[in-house]
1. Restricting attention to region 26-37, report how many residues are assigned to a loop (DSSP other than H, G, I, E, B) and surrounded by 12 or more Cβ atoms within 10 Å (Cβ to Cβ).
Amino acid sequence: MSRELAAVVVTPVAPHTLWDRSFVLGTGVQITVELVFGRSGILMVDGSRNAELSSGALVEVAVSDKVARLLSWGRDTPVSRLRRLTDPAREYDV
């Protein structure tokens, strides 16, 4: 996705389902995601753990009118960060 594009990429991580595709939201589009079936979950944004969610929780996602400037530190990727944060054998700061 081009950095000039005003959009956000949403990737639900749900290994127990068949949903494994990201989707792109453009300016003016908002979606609401609801946790169902008595399940809890974790909200992670850009590889950072933001909140623990209980069943019935609603998360609204939309493109912000604020611009984010992103940096990269070497080989650390969102996936490697996610693996570190979700590894129960490691302690981490949120």
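The values are calculated or read from the model by the stated rules, or taken from the named source; none is laboratory data. All values derive from a computational prediction rather than experimental measurement. Quick reminder, even Gly has a Cβ in these numbers, built from the backbone with ideal geometry, and neighbours come from all protein chains shown.
1. The qualifying residues number 3.
For every residue, the table says whether it meets (1) assigned to a strand (DSSP E or B); (2) at pLDDT below 85; (3) loosely packed, with under 10 Cβ neighbours inside 10 Å; (4) of a type outside the set (A, V, I, L, M, F, W, C).
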{"position": "Arg3", "(1), (2), (3), (4)": "no, yes, yes, yes"}
{"position": "His16", "(1), (2), (3), (4)": "no, yes, yes, yes"}
{"position": "Arg21", "(1), (2), (3), (4)": "no, yes, yes, yes"}
{"position": "Val24", "(1), (2), (3), (4)": "yes, no, no, no"}
{"position": "Arg39", "(1), (2), (3), (4)": "no, yes, no, yes"}
{"position": "Glu52", "(1), (2), (3), (4)": "yes, no, no, yes"}
{"position": "Val59", "(1), (2), (3), (4)": "yes, no, no, no"}
{"position": "Val67", "(1), (2), (3), (4)": "no, yes, yes, no"}
{"position": "Leu71", "(1), (2), (3), (4)": "no, yes, yes, no"}
